[in-house]
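Data block below; observations after.
The values are calculated or read from the model by the stated rules, or taken from the named source; none is laboratory data. Keep in mind the model is a prediction, meaning the values are calculated, not measured. FYI the Cβ positions are ideal-geometry reconstructions off the backbone, even for glycines, and counts take in every protein chain you see. Ligands, DNA and RNA are excluded from the accessible area calculation, which covers all protein heavy atoms including side chains. Shrake-Rupley method; radii C 1.70, N 1.55, O 1.52, S 1.80 Å.
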Amino acid sequence: MHWTADGNAYVAAERGDLVRTDIRSGTKTILLSKDKLHVPGSDQVMPVTDFAFTPDSANVLVFTNVARVWRYNTRGDYYLVNRSTGQARQVGKGQPAQSLMYAKLSPNGCSVAYVSEHNLFVEDVATGRITKLTIDGTRKRINGTFDWAYEEEFGCRDGFRWSPDSRQIAYWQVDATKIRDYLMLNTTDSAYSHVVPVEYPKVGESPSPARIGVVNATGGATTWLNIPGDPQQHYITRMEWLPNGGSVIIQQLNRKQNQSNVFVCALASKSVTPIHTETDKAWIDAKERWNNDDPSGWEWLSGGKAFVWVSEKDGWRHLYRISIDGKTETLLTPGTYDIETISRIDEANNQIYFIASPQNPTQRYLYRIRLDGKGQPERITPVGLAGTHGYTISPNGRLAQHSFTNYQTPPVQEWVSLPDHKAVNEKESMATRMRTIAKPNVSFFNVTTEDGVTVDGWMAKPTNFDSTKKYPIVFYVYSEPAGSTVNDNFSVGNNYLFQGNMADAGYLYVALDNRGTPNLKGAAWRKSIYRQIGRLNIRDQAMAAKKLFAQHAYIDTSRVAVWGWSGGGSCTLNLLFQHPDIYKTGIAIAAVGNQLFYDNIYQERYMGIPQENREDFMAGSPITYAKNLKGNLLYIHGTGDDNVHYDNAEVLINELVKYNKQFQLMSYPNRSHSISEGEGTRPHLQSLYTNYLLKNCPPGPR
């Protein structure tokens with residue numbers, strides 16, 4: 001969905017056409033029909049993944065024939081389509097098929113820039129003339145995009161920016177030449193196996209050096225910015241042009257990610273001026289952590305004279321207004337609450353919209369507050385609809401696509417006006433389309449452990465629950481800073497790997513959020529896990545489970561299972577190994593068995609650098625405790641996992657073999673971290689999971 005300039009309508013691909021929808025009237029206008037969206041020289045219709053109009057709306061840049069790069073479909077083919085004639089011209093003709101990435105029209109619409117095979121190109125919209133801006137790109141010298149670790153952990157993918165005047169491009173160059181490859185082995189796609197290399201900096205390895213260059217759109221030499229600090233001990237997580245051009249602003253994090261520096265780099269004078277510095281005893285979250293995994297853009301005010309900044313320096317995630325010289329700073333959201341994300345800056349009305357939930361960290365609501373720091377937060381979401389609300393707000397701040405869900409309500413959407421939050425069309429309002437599916441067996445709760453830690457949780461009880469009986473309990477865990485499991489949405493109580501219904505089968509199904517999960521409970525809660533992943537989160541989970549056992553006689557402590565994926569898989573292993581008296585059965589999927597085997601950006605952010613505190617990494621790693629296994633373990637991993645590598649499985653297997661610990665193993669050949677590729681994979685995984693749980697943690701009351 002793309003907003004029109006006035007913010008009163010949007011354009012989206014609908015049934016193959018590009019359609020403009022007026023939000024207030026509902027009128028739909030076809031701007032480009034699918035009859036004009038054909039691959040040149042054939043009758044093949046282009047499936048539209050994304051698109052952009054030139055400023056005069058004469059041409060459309062269409063992204064199609066996409067391919068996945070690690071997690072997302074960011075590689076493919078682009079075509080410029082003339083709206084009046086339907087004539088289509090392939091962008092980057094002569095480059096390999098499906099090799100173009102992040103093609104973007106210049107602000108004036110005269111050129112399109114893109115990355116292909118790690119080099120930057122600019123193509124003239126009118127003539128098709130191509131200018132190659134970089135020539136040194138290789139698999140490990142990356143121009144205009146990023147290596148695996150930057151993409152996975154900072155959300156950095158699109159690595160170049162047009163200047164406001166369309167004359168220059170600023171871009172990242174990542175030098176991964178000194179980063180060792182992790183060699184995955186493909187053994188099934190041909191008679192002979194072949195190696196699949198991934199440039200992957202593991203814990204303890206120095207980061208890939210990155211630098212920012214500026215090059216004329218007509219070609220020529222790149223000017224490299226002289227950013228302070230050793231590039232191999234720092235990260236550049238954000239970079240944008242100032243609104244009036246001439247300078248770029250960047251955010252740099254040190255390797256430990258506990259110091260953030262913001263610089264303004266003036267191109268004419270080649271000066272690099274620090275304007276803001278922040279430190280933390282644990283870590284500093286970059287923008288992708290509070291902006292849905294997207295670090296792009298800068299929150300400008302007053303035409304670039306100031307900007308909005310997100311910081312946890314006073315113990316809560318707050319919004320600040322900072323002048324471009326860094327000399328004036330104003331707290332916009334005072335109080336003991338966190339913001340989750342910025343929804344829209346409405347500068348015309350001196351307001352900023354944001355998501356928060358001061359009273360209940362499992363829910364989300366829309367608020368706004370003044371941009372001058374003189375107001376109090378105003379809740380925009382109406383009181384009475386408890387749960388998780390989301391908003392996509394128009395550029396003019398007057399309209400929003402409003403979504404809602406809670407544990408009894410499937411996701412539903414409507415268009416509302418702001419700030420009054422009234423449905424634009426009463427016939428299509430949420431009130432007319434929302435349906436509630438009662439879940440009387442589901443409840444949210446708090447439990448306080450013997451350590452004085454209060455954690456949030458939910459419990460789904462069996463169908464026809466009888467409190468005089470005893471039931472098996474299954475815990476669903478994640479437990480690390482990258483995600484939470486206790487959120488008020490419709491997935492609560494559902495287990496997507498269990499074939500059938502957990503409640504009907506006769507299970508208690510529970511999730512708990514320990515300290516260190518990214519809940520809106522203050523920085524102290526979130527950062528208490530620093531250097532203690534695999535210990536603090538494990539103790540909180542185990543102690544909360546014990547407290548539940550003590551409170552509820554209907555829990556059968558002889559039938560206790562736990563399962564999780566990725567960080568949740570690691571948690572599952574640690575719970576089985578560190579607390580075998582509590583957890584009797586575990587299903588661990590794609591787990592980190594040894595923290596030293598994971599990537600440096602994530603693990604060093606939360607654990608430090610192993611050259612300084614290696615003992616903390618080992619004290620939190622499942623392999624350290626594998627010898628303690630007493631119960632039932634099903635371990636699952638894809639051999640083509642580029643995220644949590646299969647070596648984690650094999651070192652774990654070695655430890656279990658060493659101590660003669662019997663367990664069940666399922667390796668999925670060439671499957672990635674999602675274990676989703678290949679015909680029949682997901683049904684097989686679901687059957688495996690379900691049968692193992694039914695056998696080793698039998699359901700039903702006793």
Discussion item. Out of the chymotrypsin sites (Phe, Trp or Tyr not before Pro) in segment 267-349, which ones are loop residues according to DSSP with at most 13 other C-beta atoms within 10 Å?
Written reply: none
Worksheet, complete the sentence: Given a 1.4 Å probe, the accessible area of segment 582-685 per residue, as a whole number of Å², is 35 Å²
Practice prompt. Enumerate the residues in segment 55-73 having an amide nitrogen under 12 Å from the point lying 7 Å beyond the Cα of A97 toward its Cβ.
Written response: 65-66
Fill in: Simple spin-label estimate for T273 and K313 in nanometres, 7 Å along Cα-Cβ
1.8 nm
Discussion item. Under 8 Å for C-alpha pairs, at least 6 residues apart: give me the relative contact order for the chain, rounded to a whole percent.
Written reply: 8 percent
Discussion item. I want to check the label-to-label distance for S443 and T328. Put each point 7 Å from Cα in the C-beta direction and report it in nm to one decimal.
Written reply: 5.4 nm
Worksheet item: What does the charge count near K661 come to, summing +1 for each Lys or Arg and -1 for each Asp or Glu among other residues with Cβ under 12 Å from its Cβ?
Response: +2
Worksheet, complete the sentence: Dividing the helical contributions, -39500 (n - 2.57) per DSSP H run of n ≥ 4, by the residues of the chain yields a 222 nm value, nearest 500 deg cm²/dmol, of -4000 deg cm²/dmol
Worksheet item: Round to a whole number: what % of the accessible area of the chain belongs to carbon and sulfur, probe 1.4 Å?
Response: 48 percent
Worksheet, complete the sentence: When every protein chain stays in place and a 1.4 Å probe is rolled, F498, F549 sorted by accessible area with the largest first are F549, F498
Worksheet, complete the sentence: Counting only DSSP loop positions in segment 499-549, the trypsin sites (Lys or Arg not before Pro) whose Cβ has at most 15 other Cβ atoms within 10 Å are R535
Fill in: Solvent exposure of segment 347-399 as accessible area per residue, Å², 1.4 Å probe
42 Å²
Item to complete: Note the full-extension length gain between T436 and N254 as 0.36 nm times their separation in residues minus their Cα-Cα distance, in nm to one decimal.
Response: 60.7 nm
Worksheet item: What translational D, rounded to a whole number of µm²/s, comes out for segment 608-702 from Stokes-Einstein when the hydrodynamic radius is the Kirkwood one over Cα pairs, at 10 °C and 1.306 mPa s?
Response: 103 µm²/s
Practice prompt. Roll a 1.4 Å probe over the protein chains and send me the accessible area per residue for segment 78-139 in Å².
Written response: 45 Å²
Worksheet entry | Where trypsin sites (Lys or Arg not before Pro) fall in DSSP loop in segment 336-387, at most 13 other Cβ within 10 Å | K374
Worksheet entry | Built amide H within the under 5 Å cut-off of D642, gap 5+ | H673
Worksheet item: What's the local net charge at R83, with K and R +1, D and E -1, over the other residues with C-beta under 15 Å away?
Response: +1
Worksheet item: Around E14, with a cut-off of 13 angstrom between Cβ atoms, what is the net charge of the other residues, counting Lys and Arg +1 and Asp and Glu -1?
Response: +3
Worksheet entry | Cα radius of gyration and Dmax for segment 541-686 (Å) | 15.8, 48
Worksheet item: Using 7 Å Cα-to-Cβ label points, what is the V66/S193 separation (nm, one decimal)?
Response: 3.3 nm
